[in-house]
Structure formats: structure tokens, C-alpha cells
């Protein structure tokens, strides 16, 4: 078999069409074609074509991952799942994520730190809820707990202080019975993951006014 044409695609100039024996055979990222030193007139085997297709699949997975990361940071688990949903083989998804981790473009530690910092500043929640949300995104338990502790220490905040901030957004209803108001405030703070001690202290402060 012989390569008879290598033509850039009109709509996607970063890719080329490779023709073998006069017929279209496969499309490749231009950087793969040039990196492989493909030239018109070269002999090529099915085995070599298969390897080029696998390289191109990894290239497409990397490009898809970079697009996903351009919208927001993601954990390793999130990125892997999204690539698999885009029909990339599990092995390719794992290789792609591992390569991005090695280059520092994906980091569960960095993701967790930013996540906790933003929640702490904008949407106060308790440690239990923050850890649950990080775990749901694929961050391991140790990293999740450590991130909360480190960010809270850096931001100089506490569970009690954040519970007070959250409670400031809650208000009793006109004519509401004290017991009912207490139950509502308890549920409000509990859903946000605050500890029992913090909830009880804040309820006493808020409902005694």
C-alpha cells in the first residue's frame, strides 16, 4: 500500500486527510502526520495505519479534555468520566488524564482548595457538607478533609463563624411559633452540613433575639 495524498481539511485545517492507493483512508491531526514524517509516495502497512489511528484518538481525547478544562477546573475523576461519556475508550481516557496530571493541568489538591475557598467566601457550608461535595466529585477523603482544614485556617474562619454567616440569611416567619422556628433553623443549618454543636449555639443566639 502507498500513500497517494495528504490534504488539509477545509473546515478543520489542524487536521489532514490521508489517502492510500487513491482512496481516502483516515483523518489525522496534522501534528501527528508531520511528526510521523508521512509523505506522498511512502509505502505504509495496515499495522502502521492502525497505530496512527490510535495516536489520533489520544490526540482527540487530549483536545476534548482541554476544552472541558477551559470552562472550569475538574478533578481527575470528573475528567475521566466526561471523556468516557464522549465515547473515548476507558484506557484512552485514563492515559489522557494521567498525562494532564503529569503536566500539572489537572490536580485534585488544587481543585479542592479552590472549591473550598469559593464555597467559604460565597456560600458558607459546614465541613461535613464540603467534604461530601468534594467526595462526590472524586476527591479522596484525606485530600477533602485536609483542604477544608487548610483553607479555613488560611481564611481565619471556623465552623461556628460560618454557621453564623449562613444563619444571617435565614429569618423567622411572622407569627411563627418558637418551636417551629427552631426546627426550621435547625434543618436550614443541618442541610448545609454544620456540626450539631455549631447549630445549637447559633440557634440559641438567633432565636433569643
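The values are calculated or read from the model by the stated rules, or taken from the named source; none is laboratory data. Being a predicted model, the structure only gives us computed values, none of them experimental. Using ideal geometry, Cβ is built from the backbone for each residue, glycine included, and neighbour counts are taken over all protein chains shown.
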(request) Among the candidates 104, 193, single out the residue that is outside any helix (DSSP H, G or I) and under 21 Å from residue 74 (Cβ atoms). (result) 104
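Table: residues versus (1) touching a residue at least 12 places away in the same chain (Cβ under 8 Å); (2) in the same structural domain as residue 188 (by TED's automatic domain parsing); (3) outside any helix (DSSP H, G or I).
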site	(1), (2), (3)
84	no, no, no
95	yes, no, no
115	yes, no, no
121	yes, no, no
125	yes, no, yes
131	yes, no, no
139	yes, no, yes
144	yes, no, no
(request) Mind telling me which of the residues 202, 206, 148 ends up being surrounded by 13 or more Cβ atoms within 10 Å (Cβ to Cβ) and closer than 30 Å to residue 109 by Cα? (result) 148
(request) State all residues of segment 154-178 that are over 27 Å from the mean Cα position of the chain (by Cα), assigned to a helix (DSSP H, G or I) and either surrounded by 11 or more Cβ atoms within 10 Å (Cβ to Cβ) or at pLDDT 85 or above (or both); if no residue qualifies, say none. (result) 160, 161, 163, 164, 165, 167
(request) Working carefully through the options 38, 49, 79, find the one that is under 27 Å from the mean Cα position of the chain (by Cα) and either surrounded by 13 or more Cβ atoms within 10 Å (Cβ to Cβ) or closer than 19 Å to residue 136 by Cβ (or both). (result) 79
(request) Please go through segment 27-70 and pick out each residue that is at positive phi and either part of a helix (DSSP H, G or I) or in contact with a strand residue (DSSP E or B) (Cβ under 8 Å, 6 or more places away or on another chain) (or both). (result) 41
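Scan segment 63-76 residue by residue and report those that are surrounded by 14 or more Cβ atoms within 10 Å (Cβ to Cβ) and under 20 Å from residue 110 (Cα atoms).
Within segment 63-76, the first condition is being surrounded by 14 or more Cβ atoms within 10 Å (Cβ to Cβ), and the residues that meet it are 64-65, 68-69, 73-76.
Result: 65, 68, 69, 73, 74, 75, 76.
Could you check how many residues of segment 7-22 are in a strand (DSSP E or B) and modelled with pLDDT under 90?
Filtering segment 7-22 down to residues in a strand (DSSP E or B) leaves 7-8, 15-20.
Going one step further and asking which of them are modelled with pLDDT under 90, we end up with none.
Of the residues in segment 7-22, 0 are in a strand (DSSP E or B) and modelled with pLDDT under 90.
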